[in-house]
Each structure stands twice: as structure tokens, then as C-alpha cells.
1. Which ³J(HN,Hα) values, rounded to whole Hz and listed in residue order, are derived for segment 177-192 from phi using the Karplus coefficients 6.51, -1.76 and 1.60 in 6.51 cos²θ - 1.76 cosθ + 1.60 with θ = phi - 60°, glycine and proline given as x?
2. Sorting check: for 343-356, 229-242, which peptide has the highest mean count of neighbouring beta carbons within 10 Å, and how do the rest follow?
3. Per-residue HN-Hα couplings for segment 477-492, Karplus 6.51 cos²θ - 1.76 cosθ + 1.60 at θ = phi - 60°, whole Hz, x for Gly and Pro?
4. How about Lys244: which lysines have a C-alpha closer than 20 Å to its C-alpha, ignoring those fewer than 8 places off in the same chain?
5. At a threshold of 8 angstrom on Cα-Cα distance, excluding pairs fewer than six apart, so keeping six or more, what relative contact order does the chain reach in percent?
6. Counting pairs of alpha carbon atoms under 8 Å apart in space and at least six apart in sequence, what relative contact order in percent does segment 260-319 give?
7. Taking the alpha-carbon distance from Lys302 and a cut-off under 19 Å, which aspartates and glutamates remain once sequence neighbours fewer than 8 residues away in the same chain are dropped?
8. What nm distance separates the two modelled labels at Arg465 and Gln159, each placed 7 Å from Cα along Cα→Cβ?
Amino acid sequence: MPRLLLSELRHLYTTALLGLSLAAGLPTSVVAQEPTKTRFVDCSLLVAAEYPATWPTHPFPRFQLIHERTIGPVSPLNIDVLLMDGNTGTQMDVPPHSVVRPELKREKSGPFGLAWTDRIEAWQFGGEACVVDCRRLLDQAADGVSPLVQPADIEAFEQQYRRVGFGDVVLFRSDYSDRYYRPFPEGSRYIADVVDRLAPGYPDPGPEAMEFLGQRGVMTAGTDSASMGPLPNLAEPTHYAGLKYGMIWTEGATQLSQLPATGAFYVMLSPRHANGMYSETRAFAITGGKLPQRLIAAARNKRAADLSPVLEMKNPVTNPGRFTGQHRQVYVKVDFLYSPDLDLWHHTHLMDATAGTHLITPSFALPAPGTTVEYSPEVRGWLQDYEATYGARGFSDRTTEKVPLDWTCGDTRIVDVRSLAGSLPASDQPRSPEITVAHLQADEAKHGKFEAGQIVVFRTGHIDRHFRPAPDDKGLWADPLAGRSEGWAAPGPAAIQYLHSRGIRCVATDAPDIAGVDAKRGLMTYWALGSADMVAVEFLHNLEAIQADSYFLFAPIRIRGCHSGPGRAIAMW
């Protein structure tokens, strides 16, 4: 079947056409089509303490979610802290996991030994999903042994559908995680029982299959097994076989059964940890309609920009607080296992859930339904003022795992408010210039009405101007919070309510947060956001790289019960 015909038929999704195709005896590659409606498929495992979310062998640390402060007399916000290893839940591997740094001049040294998680270019995170069906291998091996996907399995996919190559994300579907990722004690079957040789290993490609993909030019792959490393002894050979080509991949994907064999756009978005050889990630796919092909074309043509600053201990990625004792948990890298082959330490991170680019959920500032909150006297006064002007403050239990993926992805609508910088008198500090309804209406007069589903991004320029490593980091957070300099531009509650009336679900900013430096006004903005059941993506940068007709992609790590959450934002066009 010619490629042109396949491309044309990919857009014909109706049931009638499907029936006609089957009657005509066309190949299944033609008829296995998605419905017309665009749909987001979450391919990420739920991260929670009672799930087998972390690698279970010593000394890998277990995931911890710490509710450091909850809404009450001490804090009007739910502040969470994470202890999270890059091998948590659904995860991304990058070349330095197996490729040695070039300066070490070892057998496995190469230029991709420097391709850390923070240096992978944004276009490589996504592409067209090519789902290779490996279900026949599930549980078809001895205890502790992984049945292997061979090059012949990929060739069989190619014979039925098309040749794989650059711009594709080859996904190996065995349904392993769908079947075995369960709460403990059943969850031991996912990894621990395999390691202990009590159960058959998870299916995985062997080194020959990874070599096959590398020679085809495939740069991105994935598996719904617990690792891209066949047990008991082919994990490292398989990793190196693919990673030496500069490949990256997803481990621990799920719900691959919800994707067509070809035609879906697949992406994985990980926090931008400095010098990381792997990272926790959020993987998802988009099927149906015209959007997948738009994003697939962007990935193939390398049209993408990274909008997240680098997470590093010397960078000002967390709020230091205005007064003593108000700081958030600083971002800390914790080494726990030395790898002599790589001359690297495996590491985990202790960090506030709002470190770097992150999501603010409605429950960040709103109490759960059915609860009674005893705020401090000061905040009770603020709440009275808020409700007198903006209406009742709401309740919410919407944490990160309950935020639909299509809320934080959409056409980018940039509102340029850089002109507000320097608009306040020096004596009027600490305070942030307020983005008002009038500013939004002026933007509409110039660029057209806001449309439901757009991601409204406020371009303040603050992070691009002030993001500096210590000791030159005071201009980002500390000086504005202390009143030594003007705060960053931030929307007031009326602006949030106006955007809500326009059907906007998600707002974003290239400032440290969307609240600004005035505590009262900022809390009101968060109340307005949550009460409208809206979300915010905070701490972006590099907005000047966004081109016209850009599509914004962001998703937090899928952590159960987390009121905010780290992630990675990119734009594609």
C-alpha cells in the first residue's frame, strides 16, 4: 500500500469507512483508525507510597510525599515536599545512564555521555507512536527471566503498517504494567518477585532489537514493562545498545492498549533535573482529529522549545519566603549509589512540590469539601474582604492526579505584560504590578477574543532577567519579597475571573509564581483560581523561543494527593 494512501486514510475515521475497508480486504494498518474526536490518553503510572513505584532493591530510596503544611492557622496553603528518585513510576532514561562521559576515554565513552535530562532537546520528547504488539510474550519465560522482543517483531510491525524511523516513538506493548502494577502486597509481582525469581520476567527488547531501532534512526522509544532492561543479565547490554545512538525512552508506560498502531502523538515530559541520567516523567498520547498530525510534524521537523529552567541546587528554584521560617523546602540532590563504570552517583531529590516549573491545583489554596478551616485572624480578615468583592471562596480536593491532561495542553496565547515592569514607585514595596481586566481586554482588542481551551501565558520577562545561580540569585525571589526591588507582574482575582468567563482552564507565567509578592493579594488570586476550578503553570522561561501557532504541552508527575507538582513545559509549532 503506498505511503500516500496510508497518510490520506489516516484522517478518515468514520465507522462507515472502517466497514468498507474491511469488506474490501484492506490491510489492518489502514482500518485500525482513531475516532474523529481528539482524546488524551494518560500513559503514566500513579505514584503513591503503597504502589511499587520505586525500584525495590537496596539502596534505592522509597518515594515519599510529605504534607509539610496544611491549610489552617499556620498556612493558608497546602505545601507539599517530595522525596523522589528518577526511577519512580513512569520514568525517562537518557544516554548517560549507560554511555560514559567522553573525557573519561573508556570503552563506552561517547558524546552522548553528556546528554543529560536537562540537555535533551524538546523535539525528542515526542513523536508518532508506533505500537509494537508484544503481548504474546507476557509471562512466557522462566521465573526471573525476561522474554525478549527481537528484530523480527519490529519487522513484522513494519510489514503490517510501515517502516519505523526518525520522528517515531516505538512503543513495546505487552500490557505488563496494566496487569501487575497494583498496591502492595499484590504489587510485589511488578518488580520484586521478578528480581527474586518468584515470577516470570517482564517482556523487553533485547540488545539486537535496540540496535535495529538505532540503525533505523529511531531516537525515542518506550515500554510498558518496569524497565527497558531484560532480566537477569541483559539490562545493561540493552540499555547501551540503544542509548549509544542518543536514544531516550519511557520505562513503565501504561494504557498502550488505548493507542492505535500508528497515528497517535506520544510525548514524555520530565522535570528538568541538572545532570540527570534518568528522571520521573509524565507520558501521554493524543489521538484523533488533526492535532496529533500537527504535533507529529513539529517533532519530525524539530520545531519545539523548552520552557522550563534547569533544576539545580545553586539555582533559585524554590520560594525563600519573606520572613524567617517561611521558606519552602530547598531543592537538594542526594547521592545514594556510586556507579564505578560511569564514574557517577545515582541520586534522588528532596524538594518542594513547587520547585521549578510546576502545576498549581485548585486544592493548593482551597480546603477539601466538608472540612472546616481555622485560619489565622489575619487571613480570616482577608477572606472576608475577598468574599465581599469576589464571591464565596470554594472547596476542592482536585490534586495533581485529578487534573485532566487536556486542561494543561492547548494553543498558546501569550499576553505580553513586560511593559508593567518598573511601573510602581520605589516606596510602594513589596508589591507586584497587577495584571487587570483592562490589560486583558486591551490584549483582546489587539489579538482577538480569548478562546476556550487556550493556555493563557503571561510574559513578564522576570525569570529571564533574574534567573542566576547563587550567590547572584537574590533578584529573582529574595529582593522582591523583601521590598528591595519591585515584584513581578501578577494577575489579580478579577483578571482570573474574567479569563474563567472566557472558558480558560489554565493560565501560566514566566514569573516565579502567579500570586506576586503581596501576600494578601496573592492569596486572593489563588482563591479565585481554585474557586473557578482552574489551574496554573508557574515558573516558565524562554518564551521568546515560542513561534506563531505554538501548542503548549505540560503535565505534572502523576502523584496521588499532591496539591502542586513538578513537570516540564514545552511548546511545539
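1. Using θ = phi - 60°, the values come out as 5, 4, 7, 10, 7, 9, x, 5, x, 4, x, 4, 5, 5, 10, 4 Hz.
2. Final packing ranking: 343-356, 229-242.
3. Result, ordered by residue: 10, 4, 5, x, 5, 7, x, 7, 8, 5, x, 6, 5, 8, x, x Hz.
4. Partners within reach: Lys105, Lys108.
5. Relative contact order for the chain comes out at 18 percent.
6. 37
7. In chain and number order, the partners are Asp118, Glu121, Glu128, Asp168, Asp411, Glu544, Asp549.
8. So the label points at Arg465 and Gln159 sit 6.4 nm apart.
No lab work stands behind these numbers, since they all come straight from the coordinates. Everything quoted here is computed from the prediction, not taken from an experiment. When we count neighbours, we look across all protein chains shown, and the Cβ atoms used for this are built from the backbone with ideal geometry, even at glycine.
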